[in-house]
Amino acid sequence: PIALTLRQAESSLAAASVTISTVTDTAVELTLGLNWKISGAATRTLAFQIPTALAEVYDFQVPGLRRLQKSTEGDVTTVTINLQQPASESLFVLGLGTLPLPESREILPQQPEFIVPADSSDRVSSQSHFWVIVNQSPGLLQPVDAATDGDQVQPDEIRTNMPEELLEQAVAIRRLKSSQPLSPWQLSFPERQQVAPAIVALAAHTTVIAEDGSWRSRHRLQIRNESRQFLP
């Protein structure tokens, strides 16, 4: 008899994440793109970790999903994705969520971490993380400490397919590194000043008197209206 031994092949995963924080005057809209490049062998189980505060905020869209499991330990939640059919080349997962604008108006980068399940022989060969900041509020968005804000990254360095219109509106794009935490960004609004509702910038008055004593006048006013719909 000839004995054959079958062993599970190992998958090599090159993973990348893109977090887009879209800031408005009342909320922070989050878009999380997770991209796995799979080589060596197909796999049907993938996992990553996110802060527990965001675990219930994100709504994940997973193609071919069989089951999505979440386990929390402290401030970190592990999300495990089980697929109906093994993925052999790539897998893209999109997460959408909304948070109220913090009272401090500070926006912090929230970096995920790609891992492999404890019962898996796969390995993560490399992973990269990007943070895209979009300002759709009437306020000014800028880093609290420019010295620790990291280097600007060009949009073409992001290989993950994300909404093009958000990348074009980006105030900044940063590469996230766990060893080098980035400065938070602060949203501030300009101070409101009380101004006059309308200003007459220029006035020209012309009066013509005829020989018979009659007269006529013309008045031209150049007005800048600041806030009133109608001027009396």
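Scanning the stretch 79-110 for residues that are open to solvent by 30 Å² or more (accessible area, probe 1.4 Å) and over 20 Å from L187 (Cα atoms) returns Q84, Q85, P86, S88, E89, S90, F92, L94, L96. Restricting attention to the stretch 139-191, the residues that are surrounded by 10 or more Cβ atoms within 10 Å (Cβ to Cβ), assigned to a loop (DSSP other than H, G, I, E, B) and of a type outside the set (G, A, S) total 15.
Determine which single condition P143 fails, assuming it passes every other condition in (1) touching a residue at least 40 places away in the same chain (Cβ under 8 Å); (2) over 23 Å from L108 (Cα atoms). Answer for P143: the failing condition is (2).
For the condition free of Cβ contacts under 8 Å to residues at least 60 places away in the same chain and out of contact with any helix residue (DSSP H, G or I) (no Cβ under 6 Å at 6 or more places or on another chain), what is the one hit in P86, P117, P100?
P86
One residue stands out among those in the stretch 116-126 that are surrounded by fewer than 18 Cβ atoms within 10 Å (Cβ to Cβ) and modelled with pLDDT of 90 or more: the one that is farthest from A16 (Cα to Cα), which is R123.
Whenever a residue of the stretch 216-227 is modelled with pLDDT of 90 or more, its partners that are assigned to a strand (DSSP E or B) and surrounded by fewer than 10 Cβ atoms within 10 Å (Cβ to Cβ), lying with C-beta atoms within less than 7 angstrom and at least six residues away or across chains, give the pairs R216/V208; S217/H205; S217/T206; S217/T207; R218/T206; H219/H205; R220/A204. Of the residues E211, E157, E168, the single one that is modelled with pLDDT of 90 or more and among the acidic types (D, E) is E211.
The values are calculated or read from the model by the stated rules, or taken from the named source; none is laboratory data. Computed from a predicted structure; not experimentally measured. When we count neighbours, we look across all protein chains shown, and the Cβ atoms used for this are built from the backbone with ideal geometry, even at glycine. Ligands, DNA and RNA are stripped out before the accessible areas are found, and what is left, the full protein with its side chains, is counted by its heavy atoms. Shrake-Rupley method; radii C 1.70, N 1.55, O 1.52, S 1.80 Å.
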